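Let me begin by presenting the structure, written as C-alpha cells, before commenting on it.
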Amino acid sequence: MSDVVVKNNIITVTLPDGRIFNFPIPVLELNIFWKYAKLIRKNDPAAYPYKFRLVKTLTPKRDEDFTHSDCNLYTEGEKKYFLIRLALDVNNSTTLLIDSLLHEVAHVRTWTHMQDMPHNEAWHTDAFWLEYGRLRRVYWKEM
Ligand SMILES: [Zn+2]
C-alpha cells in the first residue's frame with residue numbers, strides 16, 4: 001500500500017518500497033502574476049507596446065497538443081501593439097503562468113517578419129532562446 005499525505009500545499013506519496021515523492025499542489029495567485037506582468041512590461045519593453053489577456057483555453061477541442069500561450073502583432077489605425085494570451089487551463093499555477101508569460105515576452109522582444117508564418121521552428125530562434133534565458137535569470141530570482 002502506498003501512503004498519501006497532503007500538508008502545506010504539498011502532496012507526499014510514499015511507495016511500498018519506501019521511495020517518497022513530493023508534488024506541489026498547483027496554486028494560482030493572480031495578484032502575483034499581474035505584479036510580475038506589469039514589472040516586466042515596464043522594465044523590458046518591446047518594439048511595440050504589449051498587452052496581456054488571460055483566457056480559459058487556447059487548445060481547440062479534441063486537440064491533444066495543449067497550447068499554453070500565444071502572441072500576435074495587431075494594427076489599430078496608426079498604432080501597433082502585441083497581444084499576449086495565456087491559457088488558464090494549462091497554466092494552472094503561478095509559476096507556470098509566469099513562465100509562459102516570460103516565453104511570450106521573449107517572442108515579442110525578438111519579433112521579426114519571419115513570424116508571419118505559422119507557429120513553428122522559425123519562432124524559436126537563437127535570439128529567442130537567449131532572451132528567454134535572460135528573462136528567466138532576471139525574474140525567476142525575484143520570485
Ligand atoms: Zn514559442
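Rule-based calculations on the coordinates, nothing more; no lab input. Only a predicted model underlies this, so the values are computations on that prediction, with no experimental measurement involved. No Cβ is skipped: glycine too gets one built from the backbone with ideal geometry, and neighbour counts run over all protein chains shown.
At a glance:
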read-out: Val105, Val4 arranged by Cβ crowding within 10 Å, fewest neighbours leading; value: Val4, Val105
read-out: Straight-distance crosslink candidates among lysines, where the alpha carbon sits under 25 Å from Lys35 and sequence neighbours closer than 8 are dropped; value: Lys51, Lys56, Lys80, Lys141
read-out: Fraction of antiparallel bridges per DSSP, the chain only, in percent to nearest 5; value: 75 percent
read-out: Protection-proxy order for peptides 66-77, 51-62, 85-96, each taking the mean of Cβ atoms within 10 Å per residue, highest first; value: 85-96, 66-77, 51-62
read-out: Dipole-positive endmost among His107, Gly133, Ala47 within the stretch 26-140 (Cβ charges, Cα centre); value: Ala47
read-out: Leu130, Leu97, Leu83 arranged by Cβ crowding within 10 Å, fewest neighbours leading; value: Leu130, Leu83, Leu97
read-out: Length-normalised contact order of the chain in % [C-alpha pairs under 8 Å, at least 6 apart]; value: 18 percent
read-out: If the convex hull is drawn through the Cα atoms of the chain, its volume per residue in Å³; value: 167 Å³
read-out: Cβ-derived FRET efficiency at R0 30 Å, Thr67 paired with Phe21, nearest 0.05; value: 0.60
